[in-house]
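**Q** Sharing a structure below in C-alpha cells format, with a few things to ask.
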Amino acid sequence: MATVELLFSALPEHVRTARLVAAAVARRAGVEEAVLDEVRLAVGEACSRAVGLHRNNGISAPVRVLLTEEEKQFSIEVGDEAPHAVLGARTPGAPGAAADGEAEEDEMGLAVISGLVDDVEVTAGENGGQIRMSWPTVPPAALPA
C-alpha cells in the first residue's frame, strides 16, 4: 500500500496544487484515464471546502490530503481541523456555528462531491472533519501504453 501525504496552508491558491498531485498519483495508481477529471474536481471541491472552513474559523493548521493506493482501489482523504456542528444541533449565532450562507455553500460542495464520486464518506465532529473518496483501479496490464 503506497501512500502520499500532502499538507498545505489553508490558502485557495494551494488547492490547484492538490488537484494536480491527486491526478498524478491517481494516474500512477491505475485509475482509469476517463475518471481523472472527476478525481481532480472532487479533490478541488473537498480542498476548497477545507480551506474555507479553516479560514472562516481562524485555524492556522494545514489542510491534510492523504492519497492511498491499495490493491484494487485508490482513495483520497481530505481532512480539516475546523469544529463542525453536530447535524441538527446548530445554534444560530453560537461560536463556531456556520452562517446560513456558509452552511448552504458547504452543503453544495458536498453535493457536488457526491455527484462525482460513487464511494464517498463524510465524517465531522468538534475536532475536525474528513472526506474520504475512493475509486477502483485497473490492473497495470489492462492500462493502455
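The values are calculated or read from the model by the stated rules, or taken from the named source; none is laboratory data. Keep in mind it's a predicted model, so treat the numbers as computed, not measured. Please note: Cβ atoms are built from the backbone with ideal geometry, for glycine as well, and neighbour counts cover all protein chains shown.
**Q** Taking Thr3 as meeting all but one of (1) of a type outside the set (Lys, Arg); (2) at pLDDT below 95; (3) in a helix (DSSP H, G or I), write down the number of the exception.
**A** Failing condition for Thr3: (3).
**Q** Working only within segment 36-66, note down all residues that are touching a Phe, Trp or Tyr at 6+ places or on another chain (Cβ under 7 Å) and either assigned to a loop (DSSP other than H, G, I, E, B) or surrounded by fewer than 17 Cβ atoms within 10 Å (Cβ to Cβ) (or both). Steps first, please.
**A** Of segment 36-66, the ones touching a Phe, Trp or Tyr at 6+ places or on another chain (Cβ under 7 Å) are 39, 62-63.
Scanning segment 36-66 gives a single hit, Pro62.
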